[in-house]
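Encoded as structure tokens, the structure appears first; notes follow it.
No value in this document is a laboratory result; all are computed from the given coordinates. As the structure is a prediction and not an experimental result, all values here were calculated from the model. Here Cβ is always computed from backbone atoms with ideal geometry, including for glycine, and neighbour counts include all displayed protein chains.
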Amino acid sequence: MSANSAEPARPLDVVLVKAGRTKIRYPAALLGDDGTRIAVRAPWAGDGVRDFGFVRFEKGDVFTEYYWRDRWYSVKEVRDADGRLKGWYCDITRPAALTGAQLVVEDLDLDLWRSADGTDVRRLDEDEFADSGLARSDPRAAAAAVAALDELEALALRRDGAFEALLG
């Protein structure tokens, strides 16, 4: 099934783990799984409004989320209730694992935002990442996380559609 398939979407739970504990669990619809990349769609799962200053996530927002089994990040396309693109929120994570009706992803604190028009690309939560101690406890994972953030930022800054091609 592809993300653009007319087949009905299968329900599953997205489970975001941080420091060994479940940070959030929310229902989503599986749109596609090609064996490497998994696409799901879910409404904003947060309580109330989350205002970052550069974007607000709120009731009615819809996230189309892309996870990879072989990459250290996920990309979430964010649209408002009327379908207008707000931008993309990217989490640096360990590769995703889909088992049955549960998609588990371990958040590694680093994030990236890219606005809908591509003019605002910003790295987020680098202080949280430094404070997490991952560089000491798992230096290989920390290096992979930083490399993933660098890769995503480079793609997000390009104006040739390379970033959007990740999702196509």
Based only on Cα atoms, what mean projected area does the convex hull of segment 63-110 have, in nm²? 3.8
The chain: relative contact order from alpha carbon pairs under 8 Å, six or more residues apart, as a whole percent, is 15
Using a 10 angstrom cutoff on alpha carbons, build the Gaussian network for the chain and name the most mobile of T64, T99, T22. T99
Multiplying the sequence separation of R10 and E58 by 0.36 nm and subtracting their Cα-Cα distance, what value in nm do you get? 14.8 nm
Could you pull out every one of the lysines with an alpha carbon less than 25 Å from that of K86, ignoring same-chain neighbours closer than 8 positions? K23, K59, K76
Using the Cα gyration tensor of the chain, with a ≥ b ≥ c the square roots of its eigenvalues, what is the shape: rounded (a/c below 1.5), prolate (a/b larger than b/c) or oblate (neither)? rounded
By how many nm would the segment from R136 to D51 lengthen if fully extended, with 0.36 nm per residue of separation less the alpha-carbon distance? 27.4 nm
Cut-off 18 Å, label 7 Å out along Cα→Cβ of R159, residues of segment 56-82 by amide N: none
For R159, what is the net charge nearby, where nearby means another residue's Cβ is under 15 Å from its Cβ and Lys, Arg count +1, Asp, Glu -1? -3
What is the distance, in nm, between label points placed 7 Å from the Cα along the Cα-to-Cβ direction at T99 and at D34? 2.6
At 222 nm, what value in deg cm²/dmol follows for the chain if DSSP H runs of at least 4 each add -39500 (n - 2.57) and the sum is divided by all its residues, to the nearest 500? -5500 deg cm²/dmol
